[in-house]
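Colleague: There's a structure below that I have some questions on.
The values are calculated or read from the model by the stated rules, or taken from the named source; none is laboratory data. Computed from a predicted model, the values in this text were never measured in an experiment. A quick note on method: Cβ atoms are made from the backbone with ideal geometry, for glycine too, and the neighbour counts reach across all protein chains shown. Accessible surface areas use protein heavy atoms only, side chains included; no ligands, DNA or RNA. Shrake-Rupley method; radii C 1.70, N 1.55, O 1.52, S 1.80 Å.
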Amino acid sequence: EAQVTQNPRYLITVTGKKLTVTCSQNMNHEYMSWYRQDPGLGLRQIYYSMNVEVTDKGDVPEGYKVSRKEKRNFPLILESPSPNQTSLYFCASSLPAGGSYNEQFFGPGTRLTVL
Amino acid sequence: GQQVMQIPQYQHVQEGEDFTTYCNSSTTLSNIQWYKQRPGGHPVFLIQLVKSGEVKKQKRLTFQFGEAKKNSSLHITATQTTDVGTYFCAGFRDSGTYKYIFGTGTRLKVLA
């Protein structure tokens, strides 16, 4: 089954404790992206990746890191989480962004609470 | 910074009534995508439009991309309870990057 998986689905942590949210897709997609969703603000892009070893900042990259060592995986790293990073996070993937068929497939989401 | 606003923010309709959400960008978009997110779920792609003035239909849903490529609309005819959810527009800034910007979303409730 074609899908995007994220782990963990729920996480409660404390300020300053490094964490990683994993994202994996099995559709051989080149484009991958991380979003955070907050009430009234829609989805905001954190980082995106056009392909392996190619990553770029979205609108809200501060406090986050990503890596794209393999095509299927795109982990999101919070080196020192703070309470303002409490949010619902989505990973998404698609065929090449400049093509005609670039619908994004979203993972189930990770609800993160930073105390 | 660039913003994409959607109006209305919330809409309650009686089942069978029509519904429209509007998406307005402060700058030109190279494409417009629409997504639906059910309560507790993740966004699911509905459609993409790329041409100025383009109109596409999917059963009861009609999507339009404005002539200036700065606005879009989604119209649902004769809403059903299965239409409940939040509708988001999204697109690439027309600046040669592949950085997505999403609209603020319209939350639709359908009363049976």
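Colleague: Compute the signed sum of charges (Lys and Arg +1, Asp and Glu -1) over the other residues within less than 13 Å, Cβ to Cβ, of residue B:10. Before the final figure, lay out the partial values.
Modeller: On the way: positive: B:107, B:109; negative: none.
In short, +2.
Colleague: Taking only the alpha-carbon atoms of the stretch B:44-101, what semi-axes of the equivalent ellipsoid follow from 5 times the gyration tensor eigenvalues under a square root, in whole Å, largest first? Present the calculation step by step, with values, prior to reporting the outcome.
Modeller: On the way: eigenvalues 108, 39, 14 Å².
After scaling each eigenvalue by five and taking roots: 23, 14, 8 Å.
Colleague: Right, next: Along the Cα-to-C-beta direction of residue A:17, a point sits 7 Å from the Cα; which residues of the stretch A:92-115 have their amide N less than 15 Å from that point?
Modeller: A:112-115
Colleague: For the full complex of protein chains and a 1.4 angstrom probe, list A:29, B:12, B:42 by accessible area with the highest value first.
Modeller: Details: A:29 10, B:12 115, B:42 70 Å².
Ranked list, largest accessible area first: B:12, B:42, A:29.
Colleague: With each label point set 7 Å from Cα along the Cα-Cβ vector, what nm distance links residue A:9 and residue B:28?
Modeller: 4.4
Colleague: I'd like the mean, over residues of B:92-101, of how many other protein chain beta carbons sit within 10 Å of each residue's own Cβ.
Modeller: Numbers: counts 3, 0, 0, 0, 1, 5, 11, 9, 14, 6.
Mean shielding count: 5.
Colleague: Net charge within 11 Å of residue B:62 by Cβ-Cβ distance, Lys/Arg positive one each and Asp/Glu negative one each, not counting residue B:62 itself? Before the final figure, lay out each step's value.
Modeller: Numbers: positive: B:56, B:57, B:59, B:60; negative: B:18.
Net charge in that neighbourhood comes out at +3.
Colleague: Next question. With a point put 7 Å past each Cα toward its Cβ, work out how far residue A:71 is from residue B:95 in nm, to one decimal.
Modeller: Modelled inter-label distance: 3.1 nm.
Colleague: Moving on. I'd like to compare A:6-12, A:70-76: which one has the highest average count of other Cβ atoms within 10 Å, and what's the full order after that? Mind dumping the intermediate values first?
Modeller: Working: A:6-12: 13.7, A:70-76: 18.1.
Averaged packing, sorted descending, gives the order A:70-76, A:6-12.
Colleague: Let me ask something else. Using only the alpha carbon atoms of the protein assembly as shown, find the Kirkwood hydrodynamic radius as the inverse mean reciprocal pair distance, in angstroms to one decimal. Please report the intermediate quantities before stating the final value.
Modeller: On the way: mean 1/r = 0.0557 Å⁻¹.
About 18.0 Å, per the Kirkwood formula over Cα pairs.
Colleague: Okay, moving on. With all pairs of different alpha carbon atoms counted, what Kirkwood hydrodynamic radius in Å does chain B show?
Modeller: Details: mean 1/r = 0.0716 Å⁻¹.
So the Kirkwood estimate lands at 14.0 Å.
Colleague: What does the extension gain come out to for residue B:55 and residue B:78, with contour length at 0.36 nm per residue minus their alpha carbon separation? List each step's numbers first, then the result.
Modeller: On the way: separation 23, 0.36 × 23 = 8.28 nm, distance 1.87 nm.
Fully extending the segment from residue B:55 to residue B:78 adds 6.4 nm.
Colleague: For the stretch B:17-112, what's the relative contact order in percent, using C-alpha pairs closer than 8 Å and at least 6 residues apart?
Modeller: Values: 212 pairs, mean separation 30.8, N = 96.
Once normalised by length, the contact order is 32 percent.
Colleague: For q values of 0.17, 0.19, 0.21 Å⁻¹, compute log₁₀ I(q)/I(0) with the Debye formula on a Cα-only model of the stretch B:1-41, without solvent.
Modeller: For the requested q values the scattering log ratios are -0.66, -0.79, -0.90.
Colleague: Roughly how much of residue B:99 is accessible, in Å² to the nearest 10, using a 1.4 Å probe?
Modeller: 50
Colleague: Let me check something: with ligands and nucleic acids excluded, how do A:50, B:5 order by accessible area (1.4 Å probe), largest to smallest?
Modeller: B:5, A:50
Colleague: Just round it to a whole percent: the fraction of Cα-Cα distances in chain A exceeding 21 Å. Provide the component values of the computation, followed by the final result.
Modeller: Details: 1989 of 6555 pairs.
Of all Cα-Cα pairs in chain A, 30 percent lie more than 21 Å apart.
Colleague: Percent of accessible area on the protein assembly as shown owned by carbon and sulfur, 1.4 Å probe?
Modeller: On the way: 5530 of 10810 Å².
That fraction is 51 percent.
Colleague: How high is the FRET efficiency between residue B:109 and residue B:47 when r is their beta carbon distance and R₀ equals 25 Å, given to the nearest 0.05?
Modeller: Values: r = 22 Å, r/R0 = 0.88.
Working from the Cβ atoms, E equals 0.70.
Colleague: Give me the accessible area buried between chains B and A, both sides summed, with a 1.4 Å probe, in Å² rounded to the nearest 100.
Modeller: So the total buried area for this chain pair works out to about 1700 Å².
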